[in-house]
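Working notes for the structure below.
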Amino acid sequence: MTNYMDNEEVMSLSRDCDVISVPYGEKQTLKKGTEVQLMQAMGGSYTVYTSEGMFRISGTNADAIGKEPEPLPSIPENISDSDFESKVWDQMKTVYDPEIPINVVDLGLIYNCDIKKDDKDDYCVSVDMTLTAPGCGMADVLVEDIKERIALLPKIQTVNVELVLDPPWSMEMMSEAARLEAGLI
């Protein structure tokens, strides 16, 4: 997947496209022909800038900007529980804050991930996450992104993502790689 864009790729929407405004998290529709500048393409979603502001386009609408959606994740038939847990964490790493080109795991927003098997050998996943700022307008969007990304994995029965604000997030919670990428080291 392409990372943060350093170019000024501009394109016109090929069709009406459902988007989410950044940073407010409001659902809107951009009309066919709207010119958008691709700012960030990470985790299967796209952050674009228009004359109306900044918006996030989900991967399911990638075709509206001439992009291909990412393939669905797969798992081996006889996956171990620890390998499955790694796959869940990998899925969470595909969720990016639309304003910050760092995934939510490396940002330190995931406080806990509990995975249990049910009686049918399907998995139930519970995640505790926080935000970089308590009033973040993208909170519901990020929670839903995490749920949707984990639910794409085969053998997922349920996904629950709980937003917690205690302890408050701080930059020290970021991985070393994330701090380096953000220019904090």
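Just so you know, all these numbers are worked out from the coordinates, no wet-lab data involved. No experiment lies behind these values; they were computed from the predicted model shown. Methodologically, a virtual Cβ is constructed for each residue, glycine included, from the backbone with ideal geometry; neighbour enumeration extends over all protein chains shown.
See the values below:
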{"item": "Conditions (1) touching a residue at least 60 places away in the same chain (Cβ under 8 Å); (2) assigned to a loop (DSSP other than H, G, I, E, B); number of the one not met by Glu68", "result": "(1)"}
{"item": "Restricting region 43-65 to residues that are part of a loop (DSSP other than H, G, I, E, B) and of a type in the set (Ser, Thr, Tyr), the residue that is farthest from Glu26 (Cα to Cα)", "result": "Ser51"}
{"item": "Matching residues in region 77-122 - criterion: being in contact with a helix residue (DSSP H, G or I) (Cβ under 6 Å, 6 or more places away or on another chain) and at positive phi", "result": "Gly108"}
{"item": "Matching residues in region 159-172 - criterion: being under 18 Å from the mean Cα position of the chain (by Cα) and outside any loop (DSSP other than H, G, I, E, B)", "result": "Val159, Asn160, Val161, Glu162, Leu163"}
{"item": "Residue satisfying condition, being of a type outside the set (Ser, Thr, Tyr) and either touching a strand residue (DSSP E or B) at 6+ places or on another chain (Cβ under 9 Å) or in a strand (DSSP E or B) (or both), within set Asp90, Asp121, Asp145", "result": "Asp145"}
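To keep it simple, each residue is scored yes or no on (1) under 17 Å from the mean Cα position of the chain (by Cα); (2) within 18 Å of Ile146 (Cβ to Cβ).
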residue: Thr29; (1), (2): no, no
residue: Phe55; (1), (2): yes, no
residue: Val105; (1), (2): yes, yes
residue: Ile110; (1), (2): yes, yes
